[in-house]
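This report concerns only the one structure given below.
The values are calculated or read from the model by the stated rules, or taken from the named source; none is laboratory data. What you see is a predicted model; the values in this text were computed from it and never measured. A quick note on method: Cβ atoms are made from the backbone with ideal geometry, for glycine too, and the neighbour counts reach across all protein chains shown.
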Amino acid sequence: MDNECHLIELFELEQIEENFFRGRSQDLGLSRVFGGQVLGQALAAAGRTVGGHPAHSFHGYFLLTGDHRAPIIYAVDRIRDGRSFTTRRVVAIQNGRPIFNMSASFQVEEKGIEHQAAMPDVPGTDELPKLLESMARMRERNLRVEKFLQGFPIEIRPVHPLNPFATGNYLPTACIWLRAAGELPSHPELHRVILAYASDYGLLTTAGLPHGIPSLEGKFQEASLDHALWFHRNFRIDDWLLYVTESPNFSNARGFTQGRFFSRDGKLVASVAQEALIRERGPQFEK
């Protein structure tokens, strides 16, 4: 699949047997499959076996690096079908080996009491340049990252543009606006799947900011270990969402990052958490 493939097609999985689906892989110029692709496709596979309930959360573990040159098979285990909640387990398989597993939960929509965290007061999208535009004006540029962004089907506008690949140390926080590049059908589950895809962007980088790790490209082994996402309210991923990330801890070669997604009208629509392996390269270590 080339970089120009429509975002929707990435999650239109081929059913090859009951509970088994095949997803095509996307080449974003990385040496591996982008983790968000696996998150979104696994959630899409689970959703194909659920009768109308929207996803409310998933928890996944990255086991092995995926190869973008080959498709991925998703095997779904129908663990439980309840009246309010439905649970699925998904294993992503490539070249005969599991590379990722996920537990996902789906819930019938219910009304009840509510509260939420407040949305930060930040400039709107009309006041901010696209990420690619801001990177093009930087003195120190990272062409590998720019190639990734050119194929990444999510538009990004950073609230405080900075070049994390320049030498320097920053606070472990980031704030960006993002949306899908193009109008999407009004299908809530599709919007959840694409948010899962987009949610893998920037978390690992945020954890490394205080240590100048992004500027030391090639000197560190970096890999997402696990990823969890909770959907709180309905939203549209083809409209702007504010993505606020913060890394409260880095220890034992693992950086932990949390994130929140807000709609333009201030509603908290989803929360995410991820832990990533970030260690200095050495022959004695493997994930």
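The residues of the stretch 49-108 that are under 17 Å from A223 (Cβ atoms) and hydroxyl-bearing (S, T, Y), listed by number, are Y61, T65.
Hey, any hits in the stretch 127-149 for a residue that's modelled with pLDDT of 95 or more and under 21 Å from Q41 (Cα atoms)?
The answer is no, given that none of the residues of the stretch 127-149 is modelled with pLDDT of 95 or more and under 21 Å from Q41 (Cα atoms).
One residue stands out in the stretch 94-119 among those that are buried (at least 16 other Cβ atoms within 10 Å of the Cβ) and among the hydrophobic types (A, V, I, L, M, F, W, C): the one that is farthest from Q150 (Cα to Cα), namely F106. Every condition in (1) in contact with a helix residue (DSSP H, G or I) (Cβ under 9 Å, 6 or more places away or on another chain); (2) modelled with pLDDT of 95 or more holds for I213 except the one numbered (2).
Looking across the stretch 262-279, just one residue is closer than 16 Å to G124 by Cβ and either crowded, with 21+ Cβ neighbours inside 10 Å or of a type in the set (A, V, I, L, M) (or both), and that is F262. When H68, H59, H53 are checked against the criterion of being part of a loop (DSSP other than H, G, I, E, B) and within 16 Å of V193 (Cα to Cα), a single residue qualifies: H53. A single entry from V90, V122 fulfils the requirement of being buried (at least 17 other Cβ atoms within 10 Å of the Cβ), among the β-branched types (V, I, T) and touching a residue at least 40 places away in the same chain (Cβ under 8 Å): V90. Of the listed requirements (1) at pLDDT 95 or above; (2) more than 19 Å from T245 (Cα to Cα); (3) in contact with a strand residue (DSSP E or B) (Cβ under 8 Å, 6 or more places away or on another chain), A181 misses just one: (1).
Given the criteria without any contact (Cβ under 8 Å) to a residue 12 or more places away in the chain and closer than 20 Å to N234 by Cα, does G82 qualify? In short, no.
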